[in-house]
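Nothing in this text is a laboratory measurement; each read-out follows from the coordinates by a stated rule. As the structure is a prediction and not an experimental result, all values here were calculated from the model. In this analysis, Cβ positions are derived from the backbone assuming ideal geometry, glycine residues included, and neighbour counts consider all displayed protein chains.
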Amino acid sequence: MIRKLFFGTFGLVLNVIIYAVVILLAIRIVTYAYSFSYEVFGSTVMEEGSEELIPIQINEGASTDEVATQLEKKGLIRYSNAFVIRTALSQFKGKIKPGNYELSPSMTMDEMLSVITGIPLEEDSGEF
């Protein structure tokens, strides 16, 4: 009797723990998905009002993915894949120019892309 009660209680506790972990994992995934898509389609900055300038060197033939990885490592963007997707969906696709640039954490992705492509921003840029 005690053994049956123990295993019944243990099973119930185990089920509650499994459900809690699944719910927390689902919340984490949804939060990440929202944050990632907000980076792709929103107009976010890493540090509002920052006046720091971070040097970036883009080599000849560098891919958008390589540029995005460099920007992420320097703390200018949160997700390199979001930068790649945003670039692919924008007027800046395939137009990144090699050179040395200074970018700020207070710049949006579109402002950074404008600098590294030499293409001025459109008035309604940042909204798809």
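Calculate, for Glu102 and Leu25, the FRET efficiency according to 1/(1 + (r/R0)^6) with r their C-beta to C-beta distance and R0 25 Å; round to the nearest 0.05. Computed FRET efficiency for Glu102 and Leu25: 0.05. Please compute the contact order of the chain in relative form: average sequence separation of alpha-carbon pairs under 8 Å and at least six residues apart, divided by the residue count, as a percent. Reported relative contact order: 29 percent.
Starting from region 17-105, pick out the trypsin sites (Lys or Arg not before Pro) whose DSSP state is loop and whose Cβ has at most 11 other Cβ atoms within 10 Å.
On the way: sites: Arg28, Lys73, Lys74, Arg78, Arg86, Lys93, Lys95; in loops: Lys74, Arg78, Lys93, Lys95.
Listed in order of number, the matching sites amount to none.
Glu47 sits among other residues whose Cβ lies under 14 Å from its own Cβ, and their net charge, with Lys and Arg +1 and Asp and Glu -1, is -2.
Under the combined filter of DSSP loop state and at most 12 neighbouring Cβ atoms within 10 Å, region 23-55 retains none of its chymotrypsin sites (Phe, Trp or Tyr not before Pro). Answer with a single label: of (i) 11, 37, 35, 15, 1; (ii) 13, 39, 30, 13, 4, 1, 0; (iii) 12, 35, 21, 10, 8, 8, 5, 1, which was calculated as P(r) over Cα pairs in 10 Å bins from 0, in percent from the structure in view? Correct label is (iii). Each Cα pair under 8 Å and six or more residues apart adds its separation to the average, and for region 54-117 the resulting relative contact order is 42 percent.
Where only DSSP H runs of four or more residues are counted, the chain gives -18000 deg cm²/dmol as its mean residue ellipticity at 222 nm, each run worth -39500 (n - 2.57).
Scanning the chain for GluC sites (Glu not before Pro) lying in DSSP loops with no more than 16 further Cβ atoms inside 10 Å, the longest uninterrupted stretch between such sites is 61-121. Dipole magnitude for region 54-117: computed about the Cα centre from +1 point charges on Lys and Arg Cβ and -1 point charges on Asp and Glu Cβ, it is near 100 debye. Relative to the longest principal axis of the Cα atoms of the chain, the long axis of helix 64-73 makes an angle of roughly 70 degrees.
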